[in-house]
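The values are calculated or read from the model by the stated rules, or taken from the named source; none is laboratory data. Computed from a predicted model, the values in this text were never measured in an experiment. As a convention, Cβ positions derive from the backbone with ideal geometry for all residues, glycine included, and neighbour counts pool all protein chains shown.
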Amino acid sequence: MLAISDTEFVRKDVPIRYVFVRGENGKDDTIRIVFDGGGGQAKRISQDQLIPFEQVMAGKFAEAIEAYKKIKREQPNADAVAEERINTLGYGLLQRKRIDEAIAIFKANVARYPQSANAYDSLGEAYMANGDKEQAIINYKESLQLNPKNDKAVKMLKKLGADQQ
């Protein structure tokens with residue numbers, strides 16, 4: 001990021017501007033994000049408050065799920081609860097071998113996006129990593145039903161010894 005003033009910064013890689021807004025107390029307590037076609041702003045959170053992603057990483061899983069649900073209720077189109085973002089979080093947990101937490105994240109994603117073949121595919125993968133063949137098959141079949149062209153689901157069902165009906 002490049003500073004263009006003491007309160008404004010721009011990114012080199014994407015056309016986004018960050019503006020820190022000083023409150024009546026003289027402290028930067030709000031950030032305004034400006035980009036082509038829109039923007040938004042957010043209040044500074046306290047030092048001891050964690051965002052949902054940080055809660056997950058800190059092992060405060062129940063709190064994180066509730067925080068994501070709250071964001072989804074209050075700001076249904078927020079990037080923080082976008083299907084792809086939640087899916088990426090689940091895969092990050094899988095890579096760290098935090099399989100139970102990954103399953104919970106993927107289940108939450110399926111609940112939010114029940115028409116997403118990708119959400120079911122990811123949940124199937126997490127169940128497979130957990131050794132739960134039955135649940136993996138169920139979720140890969142659901143993914144394939146939603147997207148009959150999902151070659152990965154076809155391969156995984158074959159690997160699991162399941163028919164595709």
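(1) at pLDDT 95 or above; (2) surrounded by fewer than 18 Cβ atoms within 10 Å (Cβ to Cβ); (3) within 29 Å of Ile51 (Cα to Cα); (4) among the small types (Gly, Ala, Ser): which one isn't true of Gly131, the others all being true?
Going through the list (1) at pLDDT 95 or above; (2) surrounded by fewer than 18 Cβ atoms within 10 Å (Cβ to Cβ); (3) within 29 Å of Ile51 (Cα to Cα); (4) among the small types (Gly, Ala, Ser), Gly131 breaks only (3).
In the range 42-53, what residues are aromatic (Phe, Trp, Tyr) and either assigned to a loop (DSSP other than H, G, I, E, B) or farther than 24 Å from Arg85 by Cβ (or both)?
Residues satisfying the conditions do not exist here.
Hey, can you tell me all the residues within the range 29-41 that are of a type outside the set (Ser, Thr, Tyr) and either surrounded by 10 or more Cβ atoms within 10 Å (Cβ to Cβ) or outside any strand (DSSP E or B) (or both)?
Scanning the range 29-41 gives Asp29, Ile31, Arg32, Ile33, Val34, Phe35, Asp36, Gly37, Gly39, Gly40, Gln41.
Any chance the range 125-133 includes a residue that's of a type in the set (Ser, Thr, Tyr), part of a helix (DSSP H, G or I) and out of contact with any Asp or Glu (no Cβ under 9 Å at 6 or more places or on another chain)?
Checked against the condition, which is being of a type in the set (Ser, Thr, Tyr), part of a helix (DSSP H, G or I) and out of contact with any Asp or Glu (no Cβ under 9 Å at 6 or more places or on another chain), the range 125-133 yields no hits at all.
Kindly check whether there is at least one residue in the range 50-69 that is more than 11 Å from the chain's Cα centre (by Cα) and over 23 Å from Ser122 (Cβ atoms).
yes
Just one of (1) assigned to a helix (DSSP H, G or I); (2) in contact with a helix residue (DSSP H, G or I) (Cβ under 7 Å, 6 or more places away or on another chain) trips up Thr88, so point out which.
Answer for Thr88: the failing condition is (2).
Determine the pairs where a residue that is in the same structural domain as Tyr91 (by TED's automatic domain parsing), located within the range 102-125, has a partner that is outside any helix (DSSP H, G or I) with Cβ atoms under 7 Å apart, the partner being 6 or more residues away or on another chain.
The qualifying pairs are Ile103/Asn130; Ala117/Asn147; Ala117/Asn150; Ala119/Tyr113; Asp121/Asn150.
If the Cβ limit is 6 Å and pairs must be 6+ apart or interchain, which residue in the range 36-51 that is free of Cβ contacts under 8 Å to residues at least 40 places away in the same chain and assigned by TED's automatic domain parsing to the domain that holds Val19 pairs with which residue that is not hydroxyl-bearing (Ser, Thr, Tyr) and not in a strand (DSSP E or B)?
Listed pairs, sorted by first residue: Asp36/Pro15.
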